[in-house]
Amino acid sequence: MSTSDTELQQLKGQLEAVTAELEATRAELRQQQELIAGLNATCSDRQMQVVYAQRMASLGALVAGITHEIKTPIGAINSVQDTLARALDKLKQALSEACPEDNRAIAAALRAIEDTSKVIESASARTLEIVRRVRKFAHASGTEMLSTDLHAELDDTLLLLHHELKDRIEVVKRYGDLPEIVCNAGQINQVFLNVLVNASQAIEGKGTITITTADADRHVQVTIEDTGPGIPPEVMARIFQTGFTTKKVGVGTGLGLSICKQIVEEHRGTIKLESEPGEGTRVTINLSKELEPTESASKGGGR
Ligand SMILES: Nc1ncnc2c1ncn2[C@@H]1O[C@H](COP(=O)(O)OP(=O)(O)OP(=O)(O)O)[C@@H](O)[C@H]1O
Ligand SMILES: [Mg+2]
């Protein structure tokens, strides 16, 4: 076996171990969701929010550990790919000297190797980028208020949801000219994530999510509209209630919008939902432009 083969075998082993760990994590999360669903019936709002915060913290720790482990084998794939690309260049050179006349079979084989090598390169680069963003989310439990580019935060959140959305939902971005605002980026991402997950879950089959941003005097405004079935009035009356959900166990805990409201209000902002049944839903989030950064925050942005 060549060195590359051995390395690839080792990487395969490492990836299998990480996959097994992810499976175990999924099972654990399912258990926690069932636990929360059980608590829904008995706990006060505050207790449930504490349970939710703990769940998020333990999820963050799990994700941080797993992404750290994924980073290592993917980094190795990246470097093996680099070696492969250089070896391929040398092979092409040697072959052109050894058999100068056109050999179609060799040319086709080389092209196939080259294409495969490019796929490995872009797939591992993409995986590393996803890992970087997921790690950012996992570490986002800090309390710092920093100057933040909301478009970058929205894009990060969309990247995390890419797998959920890609074949089903078209995302239309109508980004306006926004100044950076001072906020807790981790918490604001949590708001975007929940509203976007709600939109995605509401849309059955194919649909569109439109994200519009605008500078509105003392606020910035982020609007997220979906082409789902809309919200009937009896549900609309209860959407911000802690623990209210119309979703099945394992899908929703009914905490998302109540946490969003709390976070947005802590940012001296507002969140409102508007919907005509059958016409989709529009969520409008206003965030203050007048919050102060935390004193310890270094100048120059929250990313
Ligand atoms: N975009 C939407 N379209 C239709 N219904 C919605 C939409 N957003 C929220 N809802 C309704 O509001 C309810 C409460 O939403 P919320 O985000 O608080 O909880 P959830 O999504 O059910 O669970 P969780 O967010 O905890 O996973 C949902 O169960 C759903 O009935
Ligand atoms: Mg939700």
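Computed with every protein chain present, the accessible area of Glu180 is close to 100 Å² [probe 1.4 Å].
All distinct Cα pairs of the stretch 190-237 go into the 1/r average, and the inverse of that average, the Kirkwood radius, is 12.1 Å.
Considering every alpha-carbon pair of the stretch 229-285, the percent of pairs per 5 Å bin, from zero through the bin containing the longest distance, is 4, 18, 24, 27, 19, 7, 1.
The Rg/Rh ratio for the stretch 53-94, using Cα coordinates for both the radius of gyration and the Kirkwood hydrodynamic radius, is 1.44.
According to the calculation over all Cα-Cα pairs in the stretch 169-211, the P(r) per 5 Å bin from zero is 6, 18, 20, 24, 18, 9, 4, 1 %.
State the answer as a single residue: which of Thr208, Ala237, Ile181 lies farthest towards the positive end of the charge dipole of the stretch 180-239, with beta carbon charges of +1 for Lys and Arg and -1 for Asp and Glu, about the Cα centre. Farthest towards the positive pole: Ala237.
Normalised by 2.2 N^0.38 Å, where N is the number of residues, the C-alpha radius of gyration of the stretch 102-238 stands at 1.41.
From its DSSP helices (H runs of at least four residues, each -39,500 (n - 2.57)), the chain gives a residue-normalised ellipticity at 222 nm of -20500 deg cm²/dmol. Given q = 0.15, 0.17, 0.23 Å⁻¹, what are the Debye log10 I(q)/I(0) values for the stretch 159-230, with equal point scatterers placed on the Cα positions and solvent ignored? Treating every Cα as an identical point scatterer, log10 I(q)/I(0) equals -0.54, -0.68, -1.09. In order along the stretch 116-121, the Karplus-derived 3J(HN,Hα) couplings, from 6.51 cos²θ - 1.76 cosθ + 1.60 at θ = phi - 60°, round to 4, 4, 5, 5, 4, 4 Hz, and Gly and Pro are given as x. Rounded to whole numbers, the Karplus 3J(HN,Hα) couplings from phi for the stretch 162-170 are 3, 4, 5, 9, 3, 8, 10, 10, 8 Hz, using 6.51 cos²θ - 1.76 cosθ + 1.60 with θ = phi - 60°, and x at Gly and Pro.
For the chain, the antiparallel share of DSSP beta bridges with both residues in that region comes to about 80%. Rg/Rh for the chain stands at 1.07; both radii use Cα atoms, and Rh follows the Kirkwood definition.
With a threshold of 27 Å on the Cα-Cα distance, the over-threshold entries among Lys136/Lys166; Lys12/Lys247; Lys261/Lys289; Lys136/Lys206 are Lys12/Lys247; Lys136/Lys206. Residues whose amide H falls under 5 Å from that of Asp149, counting only those 5 or more places apart or on a different chain, are Gly302, with hydrogens built in the peptide plane. Comparing Leu160, Asn78, Ile66 along the charge dipole axis of the chain, the residue lying farthest to the positive side is Ile66, per the Cβ-charge model. Overall, the chain carries a charge dipole of about 380 debye about its Cα centre when +1 sits on the Cβ of Lys and Arg and -1 on the Cβ of Asp and Glu, all other atoms neutral. The rule of thumb for compact globular proteins, 2.2 N^0.38 Å, goes into the C-alpha radius of gyration of the stretch 177-303 1.12 times.
Are there trypsin sites (Lys or Arg not before Pro) in the stretch 125-198 that DSSP puts in a loop and that have at most 13 other Cβ atoms within 10 Å, and which ones? Here the sparse-neighbourhood loop sites are Lys166, Arg168. Protein-only accessible surface at a 1.4 angstrom probe places the residues Ser96, Ser258, Ser147 in the order Ser96, Ser147, Ser258, largest first. Surface composition of the stretch 85-153: carbon and sulfur make up 58 percent of the accessible area, probe 1.4 Å.
The values are calculated or read from the model by the stated rules, or taken from the named source; none is laboratory data. Note that this is a predicted model, so its numbers are computed, not measured. Backbone-built Cβ (ideal geometry, glycine too); neighbour counts: all protein chains shown. For accessibility, only protein heavy atoms count, side chains too; no ligands or nucleic acids. Shrake-Rupley method; radii C 1.70, N 1.55, O 1.52, S 1.80 Å.
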